Amino acid sequence: MNARIFIDGQAGTTGLGIAQRLEADGGFSLITLPEPRRKDPAARAEAMGRADLTVLCLPDDAAREAVAIAPEGARILDASTAHRVAGGWEYGFAEMQPGQAGRIAQAARVANPGCYATGAIALLRPLTVLGLLAADAPLSINAISGYSGGGKAMIAEHEAHGGPAFELYALGLKHKHLPEIMRYGGLTRAPVFVPSVGHFAQGMLVCVPLHLEQLAKAGTAPKLTEAYADYYAGSENISAQRGIWVGNLDPQGLNGTNRLEIFVCANESAGQVVLLARLDNLGKGASGAAVQNIKLMLGLENA
């Protein structure tokens, strides 16, 4: 099968990453528009009509506009934030729960997850689903990403001038990934989410610190590691480290892959744990997940 893919917004970081991965994979034909017609609604709608699948790599408002002009029957994967908690859209985190890959495969509209959200949901959902963590637990989430997650302006600043070694942002505590973290992480109370950027191109760590007494059921750190290992057993892309992790973690350790790793760090005498997810913000956090969803939607990957 030579699947025809139209990437609306191919010039952006995520769009370029998807195109590169598809070209390297083979079996895909990219529909492109000449520069003067890339913002022409009629040309874009015509391209959507010819494509087996359209991928939107656009700002939120532009993504909504693209959906509005899409011809009837067009299948769409949206990499923006616009439709991640919208009705009629399937959430594109295939490992989130049993059967999710199959739901993605059958869907006409799929929303690709956010990078931070992927790490946070991977950590939180197993615990809320298993009843180990209450939906209204008071939580905090700390995370660091490579500067490629900040878009063209941030990339240019870091690459031209060096940029800060470390920078906190979104300190208004209203980060755009919070709604999907809450919905798919199984939370009813918004966590305090503190994201940051480091002076490295790509890679990500997402951390959830906990006191063991915050668990809804009595538990230990080893029980948490077993819960993760069992939840993601058989997954090709997500693995959980069995046993307590005591080493350092490099956020760049999974760069270039579509994998996510889970670690549990602990000081059991103090009743404290830190839950950690490591992923490539451009891989499982963006382009890698998108290509996985493309293959599921086109029947090229087992659901």
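The values are calculated or read from the model by the stated rules, or taken from the named source; none is laboratory data. What you see is a predicted model, and the numbers here were worked out from it, not measured in a lab. Virtual Cβ from ideal backbone geometry, glycine too; neighbours counted across all protein chains shown. Accessible surface is based on the protein model in full, side chains and every heavy atom, while ligands, DNA and RNA are left aside. Shrake-Rupley method; radii C 1.70, N 1.55, O 1.52, S 1.80 Å.
Observations on the model:
- Of the numbered criteria (1) within 17 Å of the chain's Cα centre (by Cα); (2) crowded, with 18+ Cβ neighbours inside 10 Å; (3) outside any helix (DSSP H, G or I); (4) not basic (Lys, Arg), the one SER196 fails is (2).
- Among the residues of region 212-232, those identified as within 19 Å of PHE263 (Cβ to Cβ), outside any helix (DSSP H, G or I) and at pLDDT below 95 are LEU215, GLY219, THR220.
- Complete set of residues in region 97-153 that are more than 13 Å from the chain's Cα centre (by Cα), open to solvent by 30 Å² or more (accessible area, probe 1.4 Å) and closer than 20 Å to LEU249 by Cβ: SER140, ASN142, ILE144
- LEU16 being within 19 Å of ASN112 (Cβ to Cβ), open to solvent by 50 Å² or more (accessible area, probe 1.4 Å) and either in a strand (DSSP E or B) or at pLDDT below 95 (or both): yes
- Lone unmet requirement of (1) open to solvent by 20 Å² or more (accessible area, probe 1.4 Å); (2) in contact with a Phe, Trp or Tyr (Cβ under 8 Å, 6 or more places away or on another chain) for GLN214: (2)
- Number of the exception - PHE93 against (1) assigned to a loop (DSSP other than H, G, I, E, B); (2) open to solvent by 10 Å² or more (accessible area, probe 1.4 Å): (2)
- The lone exception for ASP8 - which of (1) touching a helix residue (DSSP H, G or I) at 6+ places or on another chain (Cβ under 6 Å); (2) surrounded by fewer than 19 Cβ atoms within 10 Å (Cβ to Cβ); (3) among the acidic types (Asp, Glu) it fails: (2)
- Each residue in region 158-190 was checked for being open to solvent by 40 Å² or more (accessible area, probe 1.4 Å), closer than 22 Å to GLY146 by Cα and assigned to a loop (DSSP other than H, G, I, E, B), and 8 of them qualify.
- Whichever residue in region 41-58 is within 18 Å of GLY92 (Cα to Cα) and not acidic (Asp, Glu) and, among such residues, is surrounded by the most Cβ atoms within 10 Å (Cβ to Cβ): VAL55
- Across region 245-264, the qualifying residues are those that are free of Cβ contacts under 8 Å to residues at least 24 places away in the same chain and not polar (S, T, N, Q), and the one among them that is most open to solvent (accessible area, probe 1.4 Å) is VAL246.
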